Amino acid sequence: MKKINDIHCEEYETAPEIVCAAPGRFHLIGEHSWFFKDKSLSMAVNLPVYIAITKRNDSSLKFYYYQIDDRKHSSISTLKYKKEDKWANAIKAVIYGFISGGFTLQGMNITVYSEIQPSAGFGITTAIKGAALLAIKQLFNLPCNDAQMLQVLERANRKFLMLNNLLADNYSVLFAKKDNLIITDYSKNSWEYIPYSFEGKKIFLVDTKVPRVSVWNEETLFEPQYALILGDLRDRKPNVYGGWQYISNPNDINEELSEVSEDIHRKLVCIMREHKDVIDAKQGLEDKDFFKFARAVNHSHESMRDMYEISCPEIDWILKRVNELEPNLDLVTNPVTCGRITGKGFGRCLYAVIRESDEEEFKSKLVEFEKIFGYHPECYNVTPADGARIVID
């Protein structure tokens, strides 16, 4: 593998002054619940993005993405979002986040190295931001603590990219720790580590290459009136993680949701179920109880498929094969495998946690998938990884 130092030297005829890396990421459960101030369970993974930078003596910005042999350019004084700049917009957004916060920067030559392109998902765009954020902070010796770094990302997302600022994404890329997952509590803007230690298991991320087709617009669910309704369905429970849970009485739920459409009713109930699945998965991780963890993951996928309606037949086919890796039907309530759609949904990506002994069988099912559906999936064996870090200084 060609090293980013050499690539940067060839491109700009000078060695990088700083190289930083940031991990890819996927959300296990809860990534669609952020608007309702719920919780997300996330894993930073060993699919790194590297960013190399050298200072320039002017205000120009040069960007080079090695794997796709693509070059972009801009300047500190004319920093603008351009649709055609695609991946480079993520770095420009971070630069904007610093400048708009009062930090002084100068021109830079920047190289991106990532074997997985942002279009695949897996948090690669966020990793580009995280690696660029740390690299720029270090390169210019900026007095920027963790809280200020999060503010840089918030300005980058909200004001430059005009996107929602998803805390679970930011926490995962900056603060992740090897052999741990991160749980984000949106009601408190906080996060904490959850150790991951299931022996004899492997985690696979699969890019099915199934094109995403939006069946419905998720933004239509993110309305203040729906958030208020779910707020009314919360029940304070000091002994429950986060201090509350959704009520479970079907009659009370139906009464609160009586004025919304059947479709919205179903999706809001799904959000409520997701909250419990996050809590159950967390408990399973803490107790080293894989059965409980797997039940929560499988239950979440069922909700995503049947109630939130963001899965697709191709992804469901693979996950059904995952569950069939254990033919003993007596273990349905104590599953030895689990999996779920992850990311935006409406196609593309999933994850599976299986026994090490089932790896070859699982991969044979992906070959069968390709023959049946015609898509060539990419499969990655991943482990929980550290957050953004300096590679050379």
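Summary table
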item: Fraction of accessible area attributable to carbon and sulfur, segment 1-123 (%, probe 1.4 Å); result: 45
item: Alpha-carbon centroids, segment 85-113 and segment 301-352: separation in whole Å; result: 38
item: Sequence-separation-based contact order of segment 102-227, relative, with Cα cut under 8 Å and 6+ spacing, percent; result: 14
item: Degrees separating the helix 313-323 axis from the principal Cα axis of the chain, which is the longest one; result: 70
item: Degrees between helix 88-99 axis and first principal axis of the chain (Cα, 0 to 90, nearest 10); result: 70
item: Residues whose placed amide H lies under 5 Å from that of Ile29, excluding near-sequence neighbours; result: Leu41
item: Carbon and sulfur %, accessible surface of segment 250-393 computed with the full protein complex present, 1.4 Å; result: 47
item: Residue-averaged 222 nm ellipticity for the chain, from DSSP H runs of 4+ at -39500 (n - 2.57), nearest 500; result: -11000 deg cm²/dmol
item: Karplus-derived 3J(HN,Hα), 6.51/-1.76/1.60, for each residue of segment 70-78, Hz, glycine and proline x; result: 10, 10, 9, 8, 7, 8, 4, 7, 10
item: Summed side-chain charge close to Ala127 - residues other than Ala127 whose Cβ falls under 10 Å, Lys, Arg +1, Asp, Glu -1; result: +1
item: Farthest toward positive dipole pole in segment 207-303 [+1 Lys/Arg, -1 Asp/Glu at C-beta], among Ser214, Ala227, Ala281; result: Ala281
item: Set Lys276/Lys344; Lys159/Lys292; Lys159/Lys282; Lys3/Lys365 screened for pairs whose C-alpha atoms are more than 31 Å apart; result: Lys159/Lys292; Lys159/Lys282; Lys3/Lys365
item: Calculated from backbone phi, Karplus (6.51, -1.76, 1.60) coupling profile of segment 263-269 in Hz, x at Gly/Pro; result: 5, 5, 3, 5, 6, 5, 4
item: ³J(HN,Hα), Karplus 6.51/-1.76/1.60, whole Hz, each residue of segment 8-19, x for Gly, Pro; result: 4, 4, 5, 6, 10, 6, 7, 6, x, 7, 8, 10
item: Accessible area of segment 311-393 divided out per residue, in Å², using a probe of 1.4 angstrom; result: 49
item: For the chain, size of Cβ-based charge dipole, Lys and Arg +1, Asp and Glu -1, in debye; result: 1240
item: Segment 219-303 shape via C-alpha gyration tensor axes, a/c threshold 1.5; result: prolate
item: Probe 1.4 Å, protein heavy atoms only - accessible area per residue of segment 1-146 in square angstrom; result: 38
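The values are calculated or read from the model by the stated rules, or taken from the named source; none is laboratory data. None of these values were measured; they are calculated from a predicted model. Please note: Cβ atoms are built from the backbone with ideal geometry, for glycine as well, and neighbour counts cover all protein chains shown. Each accessible area value is taken on the protein alone, full model and side chains, heavy atoms only, with ligands, DNA and RNA left out. Shrake-Rupley method; radii C 1.70, N 1.55, O 1.52, S 1.80 Å.
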